[in-house]
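The block underneath contains the structure these notes are about, expressed in structure tokens.
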Amino acid sequence: MAKVPESIAQDSTQARLDAYLRTVAHLGHVEIGVTKFEESLRFYREILGLEVTEVEGDRAYLRAWQDYDHHTLVLKAADVSEVNRVGWRVSSKESLDLFETQLTKMGIDFTWVEGGTKKALGDAIHFTSPSGIPIELYWEKELFTTDDPNLKSLMPSHPSKYPARGVSPRRFDHVNFMVNDVQKEQQWWTELLGIHHRYFVQNKEDIRLGSWLSRTNIAHEIAFMRNGNQNGGIFHHLAYYLDSPDELLRASNIMAENGIKIEWGPGKHGTSGAQFIYVFEPSGHRVEIWTGGLLMFAPDWKPIEWPSNVGELGMEMWGSKPPESYFTYGTKLGK
């Protein structure tokens with residue numbers, strides 16, 4: 001066999017290394033504008049059961065009890081309920097520079113945000129996806145620490161105690177957006193950010209109805225659904241994870257007792273195998289609470305197609321039908 005010239009081999013190795021490093025590592029947080037700041041803050045803390053790391057001016061920083069970061073959710077008092085930023089930690093310190101180079105090559109406008117400008121974050125890059133989803137890439141983020149005996153866990157693996165308050169989800173799980181062209185959006189996120197395409201649903205006309213993606217081994221960290229109104233990108237929901245189905249039923253009772261509208265569920269998604277409920281918080285954002293779901297470990301995972309003849313089972317295995325609002329309603333994308 002002919003020997004590959006050393007210069008070509010080096011170029012190839014560097015290209016592969018750059019491609020490996022120019023990826024995200026995991027979903028980090030979501031920032032949302034809320035029109036009813038105090039009511040939404042009460043929902044997320046008292047009813048959903050998140051911990052408030054701190055409140056600073058018109059912003060509140062929250063996390064689930066086993067989220068290791070300073071925050072996974074930011075609430076900002078606003079005139080419009082919208083999603084302001086979806087934060088992803090990148091795979092290495094060098095990744096930000098590699099993303100800068102790639103975004104420049106692709107002609108995508110971006111902005112550097114100096115570390116310390118935003119609470120608990122180092123240097124970050126801001127840009128938007130083809131559907132207008134506001135993205136934030138970062139490497140450095142403060143971890144949550146506390147000496148408060150009411151919060152500090154005896155378990156070294158727990159950044160804070162399991163709270164006896166509200167639903168008390170274990171961790172931040174994923175975000176979901178509705179877009180006009182699911183396939184186009186999915187391919188852009190996979191090719192630019194290295195987020196693996198896990199499974200998807202097609203209709204009878206072979207139009208992509210939904211795609212689910214993750215960089216880690218969980219069922220998905222971001223999803224795209226076809227916007228039934230075909231009027232552009234909107235924010236569908238954010239999601240937190242519970243440990244077991246009995247906790248999900250308890251969550252349903254807590255929502256009902258507190259006058260929180262349950263849009264759909266309890267049910268079970270066939271695609272991920274996760275059980276769920278969807279609710280609306282006071283400012284109009286949809287929140288999913290779910291448990292279970294498949295895990296994927298193969299580095300060469302092939303996306304699973306759910307064709308039209310079984311697509312309904314993908315949405316809900318037990319036979320309940322999502323309301324029309326599930327395919328048409330969402331909150332705005334901020335800038």
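Below are the figures for this structure:
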read-out: Rounded to the nearest 10 Å², the accessible area of ILE262 at probe 1.4 Å; value: 60 Å²
read-out: Where Rh is the Kirkwood radius over Cα pairs, Rg/Rh for the stretch 63-103; value: 1.10
read-out: 222 nm mean residue ellipticity, helices alone, for the chain (DSSP H n ≥ 4; -39,500 (n - 2.57); rounded to 500); value: -6000 deg cm²/dmol
read-out: Pair THR13, GLU205: separation of 7 Å Cα→Cβ label points (nm); value: 5.2 nm
read-out: Amide H partners (placed H, <5 Å) of ILE222, local residues excluded; value: VAL175, LEU213
read-out: Vicinal HN-Hα couplings computed from phi for the stretch 222-229 (Karplus, 6.51 cos²θ - 1.76 cosθ + 1.60; Hz; Gly/Pro x); value: 8, 9, 10, 10, 5, 6, x, 8
read-out: Sequence-separation-based contact order of the chain, relative, with Cα cut under 8 Å and 6+ spacing, percent; value: 18 percent
read-out: The chain - Debye-derived log10 I(q)/I(0), Cα point model, q = 0.10, 0.15 Å⁻¹; value: -0.59, -1.35
read-out: Cα-based shape type of the stretch 65-175, given that a ≥ b ≥ c are square roots of the gyration tensor eigenvalues and the cut on a/c is 1.5; value: prolate
read-out: At 1.567 mPa s and 4 °C, Stokes diffusion of the stretch 197-335 via Kirkwood alpha-carbon radius, µm² per second; value: 82 µm²/s
read-out: For LEU48, residues with placed amide H under 5 Å, excluding near neighbours; value: VAL167
read-out: Cα-derived Rg to Rh of the stretch 1-146, Kirkwood definition; value: 1.11
read-out: Average accessible area per residue (Å²) across the stretch 47-167 - probe 1.4 Å, nucleic acids and ligands excluded; value: 47 Å²
read-out: Bins of 10 Å from zero: percent of alpha-carbon pairs in the stretch 232-272; value: 20, 53, 23, 4
read-out: Net length gained if the chain between GLU38 and ALA25 were fully extended (0.36 nm per residue, minus Cα distance); value: 1.4 nm
read-out: Most to least packed among 36-42, 181-187 [average Cβ atoms within 10 Å]; value: 181-187, 36-42
read-out: Residue (of VAL86, SER12, SER40) at the positive-pole extreme of the stretch 10-130, dipole from beta-carbon charges; value: SER12
read-out: For the stretch 257-335, diffusion coefficient by Stokes-Einstein and Kirkwood Rh (Cα), 37 °C, 0.692 mPa s, µm²/s; value: 227 µm²/s
read-out: Computed label-point distance, nm, for sites GLU257 and SER153 using a 7 Å Cα→Cβ extension; value: 2.4 nm
read-out: Accessible-area order (highest first, 1.4 angstrom probe) of the listed residues SER129, SER91; value: SER91, SER129
read-out: Dipole magnitude of the stretch 187-335 about its Cα centre (Cβ charges: Lys, Arg +1; Asp, Glu -1), debye to nearest 20; value: 320 debye
read-out: Kirkwood-type radius of the stretch 195-271, with distances r between different C-alpha atoms, in Å; value: 15.0 Å
read-out: Sites SER92 and LYS302, calculated FRET efficiency, Cβ-Cβ separation with R0 35 Å, nearest 0.05; value: 0.85
read-out: Surface share of carbon and sulfur [accessible, 1.4 angstrom probe, percent] for the stretch 6-110; value: 47 percent
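The values are calculated or read from the model by the stated rules, or taken from the named source; none is laboratory data. A quick note: this is a predicted structure, and the numbers were derived from the prediction, not measured. Because the Cβ atoms are built from the backbone with ideal geometry, glycine has one as well, and the counts that use them run over all protein chains shown. Calculation scope for accessible area: heavy atoms of the full protein, side chains included, ligands and nucleic acids excluded. Shrake-Rupley method; radii C 1.70, N 1.55, O 1.52, S 1.80 Å.
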